[in-house]
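Have a look at the structure below, then the notes.
The values are calculated or read from the model by the stated rules, or taken from the named source; none is laboratory data. Since we're looking at a predicted model, the values are computed, not measured. Cβ sites come from the backbone with ideal geometry, for glycine too, and all protein chains shown count toward neighbours. Accessible surface areas use protein heavy atoms only, side chains included; no ligands, DNA or RNA. Shrake-Rupley method; radii C 1.70, N 1.55, O 1.52, S 1.80 Å.
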Amino acid sequence: MPTDSVERFLTALDPEHREAVGTKPRDEQQRLADAWERELADDTELDTLDELSPPAAEAEAARRVLRLEAG
């Protein structure tokens with residue numbers, strides 16, 4: 001399991017988004033990973049999902065971050 005926040009964020013993304021985010025500069029990847037970690041920490045609905053399936057909670061948080069990024 002990756003320990004770097006960017007690697008963990010990329011792992012949580014679906015393959016298409018993983019490839020797109022993987023081509024961004026490292027500082028942009030880090031900014032998205034930081035937003036992803038805040039989403040995981042702050043959203044209580046994700047806490048419940050995390051108890052059932054941590055990968056599903058991480059994937060949902062990643063989708064939310066990308067939706068916010070897209071505007």
For the chain, find the longest principal axis of its Cα atoms and tell me its angle to the long axis of helix 26-42, 0 to 90°, nearest 10.
10
Could you compute how fast the chain diffuses translationally, taking Rh as the Kirkwood radius over C-alpha pairs and applying Stokes-Einstein at 4 °C with viscosity 1.567 mPa s? Give it in µm² per second.
108
Extending each Cα 7 Å along its Cβ direction at GLU37 and ARG18, get the distance between those two points in nm, one decimal.
2.1
Counting only protein heavy atoms with a 1.4 Å probe and every protein chain in place, the carbon and sulfur fraction of the accessible surface of the chain in whole percent equals 51
Given charges at beta-carbon only (K, R positive; D, E negative), |dipole| of the chain in Debye
320
Going toward the positive end of the dipole of the chain, with +1 on Lys and Arg Cβ and -1 on Asp and Glu Cβ, which of ALA62, GLN30, LEU40 do you reach last?
GLN30
